[in-house]
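Taking it in order: structure first as structure tokens, then the write-up.
The values are calculated or read from the model by the stated rules, or taken from the named source; none is laboratory data. Everything quoted here is computed from the prediction, not taken from an experiment. Here Cβ is always computed from backbone atoms with ideal geometry, including for glycine, and neighbour counts include all displayed protein chains. Ligands, DNA and RNA are stripped out before the accessible areas are found, and what is left, the full protein with its side chains, is counted by its heavy atoms. Shrake-Rupley method; radii C 1.70, N 1.55, O 1.52, S 1.80 Å.
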Amino acid sequence: MAEQHTLEPDDHAPTTGWVGASVLRKEDARHLDGKGMFVADVIIPRTREIAFVRSNMAHATLIGVTKPEGHAHQVFTAADLGEIDHLTAGPEIAAFRNTVYPPLAEGRVRFAGQTVAMCVAGSRAEAEDLADQVGVDLDPLAVVIDAVDAMKPGAAKVYDSWQDGAFMTSAVKGGDVKAARGKAKFSVRRQFKMARQTCNSLEGRGVLAYYDRRLDELVVYMSTQGPHVMRMALAQCLKIPEHKLRVIAPDVGGGFGGKNRLTPEEIAVVALARQVDYPVRWIEDRREHILASAHAREHWYDITLHADAEGTFLGLEGEVYVDAGAYSLWPVGAFAEASMAARNLPGPYRIQDLEIRNFTVATNKAPLGPYRGVARPGACFVIERMVDELAHEMGIDPMDLRQRNIVTAAELPYTTVGEMVLDTGDYPASLRGAIELINSDAVRARQKQGEPDGRRIGLGFAFYTEQSGHGTAEWTRRKSRVVPGYESCVTRMMPDGTVLLLVGIQSHGQGMETTLAQIAAHELGLKPAQVQVRHGDTGISPFGFGTFASRSIVMAGGAVAKSSRQLADKLRAIGAKLLQCAPEDTTLADGQVMSGSGGVSFAEIGRAAHVRSELLPEDVDPVLEEFATYEPSVSGGAFSYATHAAVVAVDPDTGSVELLDYAVCEDCGTMINPLIVDGQVMGGVTQGIGTALFEEIPYDEQGQPLATTLAEYLLPCASELPRIRVKHLVTPSTFTEYGVKGVGEGGAIAPPGAIVNAISDAFKETGAFFNTTPCTPRRIVAALDAARDAHSSHEVGA
Amino acid sequence: MRIQLELNGDRTRVDVEPRDILADTLREACGLTSVHLGCEHGSCGACTIEIDGQVARSCLILSIAAEGRPVRTLDGLAEDPVMQALKQSFHRKHALQCGFCTPGMLMIARDMIRRHDRLDEATVREGLAGHICRCTGYVGIVDAILDAHASLSDRHADSQADNQAGDRAGDRADHHHETRRAG
Amino acid sequence: MKPSSFEYQRPDSLAAAMAALAGQEATPMSGGQSLLILLRMRMTEASTLIDVSRLPELSASSLDQGILRIGAGTTHAAIEDGLVPDASCGMMARVAGGIAYRAVRNVGTIGGSLALSDPAADWPVCLLALGASVVVQGESGERRHAMADFLTGTFTTLLEPGELLTRIEMPALPTGSRWGYAKLARKHGAFADSLGAAVLPAGGDPRMVLGATMEHARLLTRSMEALARDPDLGWDVLAPILRDDIAEADPNADAYRLRCHVATLRKALLQARGY
């Protein structure tokens, strides 16, 4: 990655405009001074603190709750919270088994950590004291902890009335996999597991709610990725008219998907705020986050890849199990997970014969939600591991096998068997780019030479595509309860010619206060410093869905461009009158409407539009404010893609892995701000490395989570990581504004595949099979031992 | 009970209970919300402050135990030249996204720069152990620290004092390979 | 994740601290870097915390006539930075620098770590390898325990309620001695899966120690005897002896742990031998 040429938001505009410039972020200054404003930083006088009482059993009948003597008025159970309409959450599919997830348990608890009661006191410590004294009478029930076992006949059930253990069973089918099987020379069958994780945004969840008498509205500060949709759901379940409910997402300390679901704690806190005359807040601590925030991943696969004698892929079949936990989180839980995994399993390869049965299974664990990459880290891990396994069986280089099967630039747009239309790019070029960037020849030479300390060097690759900016077509296909088909923007010019953007999107680290300002500045001939972005507050911005699914730069960027262009037209109309020329003869630059040698400043236009309407053209209304919604003309998604390359050194005695190098050759179309794109990619890669090597919430037989702190749930730090290197290819999308594609999730998708392929490569000749993330030292040693045992028993047998 | 803290150069009186944690007192009683709580068990580094001139995790210190000891948070370092250089380089190197880990990162970065005359990438990465950033992938943070260190070294090329600590620490970085390999 | 209520006292002398510890159910706290985590998670309770972190009697260190004395209240960082005299040929500074994170090392103390006796802690391993003793202040005055006796189990030592570990004493390692120290953990600062130490004193008998066992750090006596007989003993001969030692030191370890132990001890020995 070359040294970036950066610009400040108040620098002179580049000749090509602001789109494409590495503008340094406008949001940095407040955070660098420690003046960010996160939910826990919002001080409202008289606020009382909440601590939740949680189930310590994974599955039990809730017989009763005993409140500590003298403190009954500070303890609230489901019965004390007033009327709540339980939200229906999950896809709108007839076969989907809906469940009720009460904010505080009613009659049954279904995972260790489920909220049972809430305690209110002057400080969090006192609230926790109370929580310790609340008696929870539970009668244990049989526990379900394994999604595959849960589907076997006679297995214990999370829901008594269900015929089997699945929320949903379906299949993704295309072509004729039986025929493919018949033609195959090679049929490689493998099983894989990707562990349960949680997003671990550094700021956990948090809610502060109070009734504002002056405005006659309930104000909810909430650490969320989508305040507008959260308001909608809260209003619905708590029966508060939406115009009297205001949700504000102030600074949000990371989300990564987990904060894109409405969780019971949030509902309970707002429900309580309806009925008490003091502000209440709950700030999630890390233990609660790991225990009971939206969990993620936990997939199990049994997959067979069929190929002919030359290694041409013929078909893919098998099963996907998703361990969805006990409930469905509004709006759609984790119920796109299994079918998305199935649809993405063919990856970028020419595979038209597919049959994947998928099961989304209920277990006695915290409910699953989305996490950066949603389903695709699992799918990519499996297909990319399968490619390496097949290559190994055939005795050829996995990258040659990829080149043989990957869709070429000439074949794009390419409709996959999962009915996704891969739009633009050059996938083979990305494979080559990664080989070059990681310096494959040098790694191979080092590998051949051997390490003086006995460690083994491995090189691995993985390719993925990332559906981004998808709208109505894709979300209706998924039967989503909420169809995030657009984003919205008001571009408002003030009387002095400066600009406010009011957007429905929400930014929590993605730098949209900068990139959206860049887009408006680009369209209006301003500097980003002259554009302020307002987001995250239902009280001031138009409706929008928020940030998830790699959609923001496509959707919100498009909305900003569209509304800003509408404003530009109006500025030109007014400017033309003042300049006494035709609007067609004007341009916008340097904060002015220009025509020939003359120009009129936005401040003059702003003055005319706001306080001197006699100066306006007859057919132009006063005030400079334009609203637009935007959805790309193709709503199935624009596909970013990348090849990741990893180099590892593994100690064969202890299984310890050192990641020596990591490189990414990616293409997300036009980059509005390359600096920010790099940050998104590297941050995503680091989370993917966490998935690959470190992060896991295991459960014991009783359904107790074995990781509840960061001493057990390991997150990678700088000390565990190499310098991540990124190279960009740029193939603009043909149907989005500026040709952009989303890039938020991609980084997190490929690391499990690339890294475990690298570990596998390090031990290629042993026959060891690495099939589980995180690929821990213990698992590596176990795989090596298993291979050794298999080998020796084979020898004995022979 | 009422205790006196020497907070960012000022004497501040606050009411505390024995069980109150310094991070909470700084945030709730003193309004210093630059002190962020990411884990409350010493693993994430977001609450890093300085006490007695040394960096510490304010989630693992009792407020009452800090009585009479100088405490400094990011808020109290606005005029500090090392901190100013760091803020500038964090901005230029895109070393922050959501901003939640940033105050802690800046505090540990300042400590690293002050304790090392020579600073290389391996030393910085090791020094960032136990500081979690979930957004950036750390590349910007590492670069920003090296960059600030270099700019300050240029500025103070003539006045390199007290470099013994730096040499020791640099030496240590070479020797840490066992744990690096432990991955 | 806030602690339950407790009382707090900060005596200003050792005598006052002993009095405070004697009269009630009191828990001494030094840096508190482990204790506060346990209190926050309400995994342990304390009725009164006696803050001993500022006791002058616990802060002094000296190297006198070949005996190093380190006050129990000395922080890991002070040792890392060489602010106390070194009598370990640099081993203690190196070990100190690998404990948790700098911000923790600035507050946590060597005495607090020994008193807690977490099986995965570094100091018991290092000090056992260096042949150190601890000095305990009890009701009837001071007494000394060799490290090997002092460590009795998981989070247990010979310290009785009301007593305080006041300092560490050890004979200076002769100049020219060599040592090795290896830690295996899944990430920096994480709990160790294995800790291995080897000390080859100039003119003295080798010492090898295993830590991060299920119980507490142990001297590996068979290996030490074998190395005493033949300091250049090859790995092939030593390995089975070490394995026997390891099996005894960590009898409940699973196969993976055992491998880790072999690896750290091997690494420590290689390092000590200068490879």
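Hey, does the stretch A:725-733 have a residue that's among the small types (Gly, Ala, Ser), surrounded by 24 or more Cβ atoms within 10 Å (Cβ to Cβ), assigned to a loop (DSSP other than H, G, I, E, B) and touching a Phe, Trp or Tyr at 6+ places or on another chain (Cβ under 9 Å)? Let's see the steps before the verdict.
The first filter runs over the stretch A:725-733 and keeps only residues among the small types (Gly, Ala, Ser), leaving A:733.
Those still in the list that are surrounded by 24 or more Cβ atoms within 10 Å (Cβ to Cβ) too: A:733.
Checking which are assigned to a loop (DSSP other than H, G, I, E, B) leaves us with A:733.
Of the ones still in play, those that are also touching a Phe, Trp or Tyr at 6+ places or on another chain (Cβ under 9 Å) are A:733.
Within the stretch A:725-733, one or more residues are among the small types (Gly, Ala, Ser), surrounded by 24 or more Cβ atoms within 10 Å (Cβ to Cβ), assigned to a loop (DSSP other than H, G, I, E, B) and touching a Phe, Trp or Tyr at 6+ places or on another chain (Cβ under 9 Å).
Within the stretch B:2-19, can one find any residue that is in contact (Cβ under 8 Å) with a residue 12 or more places away in the chain and part of a helix (DSSP H, G or I)? Step through it out loud before you land on a result.
In the first step, residues of the stretch B:2-19 are kept if they are in contact (Cβ under 8 Å) with a residue 12 or more places away in the chain; the result is B:2-9, B:12, B:14-19.
Checking the rest, the ones that are also part of a helix (DSSP H, G or I) come to none.
No: the stretch B:2-19 contains no residue that is in contact (Cβ under 8 Å) with a residue 12 or more places away in the chain and part of a helix (DSSP H, G or I).
Looking only at the stretch A:113-142, filter to residues that are assigned to a loop (DSSP other than H, G, I, E, B) and under 30 Å from the mean Cα position of the chain (by Cα); which one of those is nearest to the other protein chains (Cβ to nearest Cβ)? It would help to see each step written out before you state the result.
Taking the stretch A:113-142 as the starting set, the residues that turn out to be assigned to a loop (DSSP other than H, G, I, E, B) are A:113-114, A:122-123, A:134, A:141-142.
With the extra rule that they be under 30 Å from the mean Cα position of the chain (by Cα), the set shrinks to A:113-114.
Numbers: A:113: 14, A:114: 18 Å.
Filtering first and then ranking leaves A:113.
Please give the number of the condition residue C:193 fails out of (1) more than 14 Å from chain B (Cβ to nearest Cβ); (2) closer than 25 Å to residue A:784 by Cα; (3) in contact with a Lys or Arg (Cβ under 8 Å, 6 or more places away or on another chain).
(1)
Among the residues of the stretch A:708-742, which ones are in contact with a strand residue (DSSP E or B) (Cβ under 6 Å, 6 or more places away or on another chain) and either free of Cβ contacts under 8 Å to residues at least 24 places away in the same chain or within 13 Å of chain B (Cβ to nearest Cβ) (or both)?
A:722, A:724, A:725, A:726
Can you tell me which residue in the stretch C:249-269 is nearest to the other protein chains (Cβ to nearest Cβ), limited to those that are free of Cβ contacts under 8 Å to residues at least 12 places away in the same chain and charged (D, E, K, R)?
C:259
Is it fair to say residue C:213 is among the polar types (S, T, N, Q), open to solvent by less than 50 Å² (accessible area, probe 1.4 Å) and either touching a residue at least 40 places away in the same chain (Cβ under 8 Å) or in contact with a strand residue (DSSP E or B) (Cβ under 9 Å, 6 or more places away or on another chain) (or both)? Write out each step before concluding.
Working: among the polar types (S, T, N, Q): yes; open to solvent by less than 50 Å² (accessible area, probe 1.4 Å): yes; either touching a residue at least 40 places away in the same chain (Cβ under 8 Å) or in contact with a strand residue (DSSP E or B) (Cβ under 9 Å, 6 or more places away or on another chain) (or both): yes.
Here the answer is yes, as residue C:213 does meet what is asked.
Consider only pairs whose beta carbons are under 6 Å apart and that are at least six residues apart or on different chains; among these, list those whose first residue lies in the stretch C:34-62 and is under 22 Å from residue C:18 (Cα atoms) and whose second residue is charged (D, E, K, R) and in a loop (DSSP other than H, G, I, E, B).
C:47/C:25; C:51/C:10
Yes or no: residue C:10 of a type in the set (Lys, Arg), open to solvent by less than 40 Å² (accessible area, probe 1.4 Å) and either in contact with a strand residue (DSSP E or B) (Cβ under 6 Å, 6 or more places away or on another chain) or under 23 Å from residue B:43 (Cβ atoms) (or both)?
Details: of a type in the set (Lys, Arg): yes; open to solvent by less than 40 Å² (accessible area, probe 1.4 Å): no; either in contact with a strand residue (DSSP E or B) (Cβ under 6 Å, 6 or more places away or on another chain) or under 23 Å from residue B:43 (Cβ atoms) (or both): yes.
The answer is no for residue C:10.
Can you say whether residue B:134 is of a type in the set (D, E, K, R), without any contact (Cβ under 8 Å) to a residue 40 or more places away in the chain, part of a helix (DSSP H, G or I) and open to solvent by 10 Å² or more (accessible area, probe 1.4 Å), as far as the supplied structure shows? Don't jump to the end; show me each part of the working.
On the way: of a type in the set (D, E, K, R): yes; without any contact (Cβ under 8 Å) to a residue 40 or more places away in the chain: yes; part of a helix (DSSP H, G or I): no; open to solvent by 10 Å² or more (accessible area, probe 1.4 Å): yes.
In short, no.
Considering only the stretch A:657-704, state which residues are surrounded by fewer than 24 Cβ atoms within 10 Å (Cβ to Cβ), more than 9 Å from chain B (Cβ to nearest Cβ) and assigned to a strand (DSSP E or B).
A:660, A:661, A:670, A:699, listed by residue number.
Out of the helices (runs of 4 or more DSSP H) lying entirely within the stretch C:22-101, which hold 3 or more residues that are open to solvent by less than 20 Å² (accessible area, probe 1.4 Å) and more than 25 Å from residue C:197 (Cα to Cα)? Steps first, please.
Details: elements: C:35-40, C:76-80, C:91-97.
Result: C:35-40.
For residues that are within 11 Å of chain B (Cβ to nearest Cβ) and over 28 Å from residue C:8 (Cβ atoms), tally how many sit in the stretch C:54-85. Even if it seems obvious, please write down each step before you answer.
Step one: list which residues in the stretch C:54-85 are within 11 Å of chain B (Cβ to nearest Cβ), which gives C:54, C:75, C:77-78, C:80-83.
Cutting the leftovers down to over 28 Å from residue C:8 (Cβ atoms) gives us C:80-82.
Residues in the stretch C:54-85 being within 11 Å of chain B (Cβ to nearest Cβ) and over 28 Å from residue C:8 (Cβ atoms): 3 in total.
Condition test on residue A:40, is it open to solvent by 10 Å² or more (accessible area, probe 1.4 Å), touching a Gly at 6+ places or on another chain (Cβ under 7 Å) and in contact (Cβ under 8 Å) with a residue 12 or more places away in the chain? Please lay out each step first, then the result.
Details: open to solvent by 10 Å² or more (accessible area, probe 1.4 Å): yes; touching a Gly at 6+ places or on another chain (Cβ under 7 Å): yes; in contact (Cβ under 8 Å) with a residue 12 or more places away in the chain: yes.
Considered against the rule, which asks whether it is open to solvent by 10 Å² or more (accessible area, probe 1.4 Å), touching a Gly at 6+ places or on another chain (Cβ under 7 Å) and in contact (Cβ under 8 Å) with a residue 12 or more places away in the chain, residue A:40 comes out as yes.
Within the group A:498, A:491, A:515, A:465, which residue is of a type in the set (S, T, N, Q) and open to solvent by 40 Å² or more (accessible area, probe 1.4 Å)?
A:498
Can you tell me which residue within the stretch A:133-144, out of those that are of a type in the set (A, V, I, L, M), out of contact with any Leu (no Cβ under 8 Å at 6 or more places or on another chain) and open to solvent by 40 Å² or more (accessible area, probe 1.4 Å), is nearest to residue A:76 (Cα to Cα)?
First pass over the stretch A:133-144, keeping only residues of a type in the set (A, V, I, L, M): A:134, A:136, A:138, A:141-144.
Now restrict to residues that are out of contact with any Leu (no Cβ under 8 Å at 6 or more places or on another chain): A:134, A:141-144.
After this cut, where a residue has to be open to solvent by 40 Å² or more (accessible area, probe 1.4 Å) as well, the list is A:141-143.
On the way: A:141: 25, A:142: 28, A:143: 27 Å.
The residue in question is A:141.
Take the stretch B:71-100 and flag every residue that is at the interface with chain A (Cβ under 9 Å from one of its Cβ atoms), open to solvent by 10 Å² or more (accessible area, probe 1.4 Å), within 24 Å of residue C:104 (Cβ to Cβ) and assigned to a loop (DSSP other than H, G, I, E, B).
B:100
For the stretch B:20-52, give me each residue that is touching a residue at least 40 places away in the same chain (Cβ under 8 Å) and among the acidic types (Asp, Glu).
Hits for the stretch B:20-52 are B:20, B:50.
Within the stretch A:381-398, work out how many residues are open to solvent by 10 Å² or more (accessible area, probe 1.4 Å) and in a helix (DSSP H, G or I).
6
So, of the residues in the stretch A:43-79 that are within 14 Å of chain B (Cβ to nearest Cβ) and out of contact with any Cys (no Cβ under 6 Å at 6 or more places or on another chain), which turns out to be most open to solvent (accessible area, probe 1.4 Å)? Working first, answer last.
Taking the stretch A:43-79 and keeping what is within 14 Å of chain B (Cβ to nearest Cβ), we get A:43-49, A:51.
The next check asks that each one be out of contact with any Cys (no Cβ under 6 Å at 6 or more places or on another chain); those that pass are A:43-49.
Numbers: A:43: 106, A:44: 37, A:45: 97, A:46: 161, A:47: 32, A:48: 73, A:49: 24 Å².
Ranking the qualifying residues of the stretch A:43-79, first place goes to A:46.
Please go through the stretch A:399-430 and give me each residue that is open to solvent by 30 Å² or more (accessible area, probe 1.4 Å) and assigned to a helix (DSSP H, G or I), ordered by number.
Residues satisfying the conditions are A:400, A:403, A:404, A:409, A:410, A:411.
(1) within 12 Å of chain A (Cβ to nearest Cβ); (2) open to solvent by 10 Å² or more (accessible area, probe 1.4 Å); (3) not in a helix (DSSP H, G or I): which one isn't true of residue B:68, the others all being true?
The failed condition is (1).
Only residues that are open to solvent by 40 Å² or more (accessible area, probe 1.4 Å) and either within 21 Å of the chain's Cα centre (by Cα) or among the acidic types (Asp, Glu) (or both): list them for the stretch A:708-724, please.
Across the stretch A:708-724, the qualifying residue is only A:712.
When the stretch A:146-167 is examined, which residues are found to be in contact (Cβ under 8 Å) with a residue 12 or more places away in the chain and surrounded by fewer than 21 Cβ atoms within 10 Å (Cβ to Cβ)? Before you say what the answer is, go through the steps one by one.
Quick first cut of the stretch A:146-167, residues in contact (Cβ under 8 Å) with a residue 12 or more places away in the chain only: A:146-148, A:150-151, A:156-159, A:162, A:164-167.
A:146, A:148, A:151, A:156, A:157, A:159, A:162, A:164, listed by residue number.
Among the residues of the stretch C:107-119, count how many are open to solvent by less than 20 Å² (accessible area, probe 1.4 Å) and either within 14 Å of chain B (Cβ to nearest Cβ) or among the charged types (D, E, K, R) (or both).
So the answer is 2.
Got a sec? Which of A:30, A:25 is closer than 19 Å to residue B:93 by Cβ and crowded, with 20+ Cβ neighbours inside 10 Å?
Details: A:30 fails: crowded, with 20+ Cβ neighbours inside 10 Å.
Unique residue meeting the criteria: A:25.
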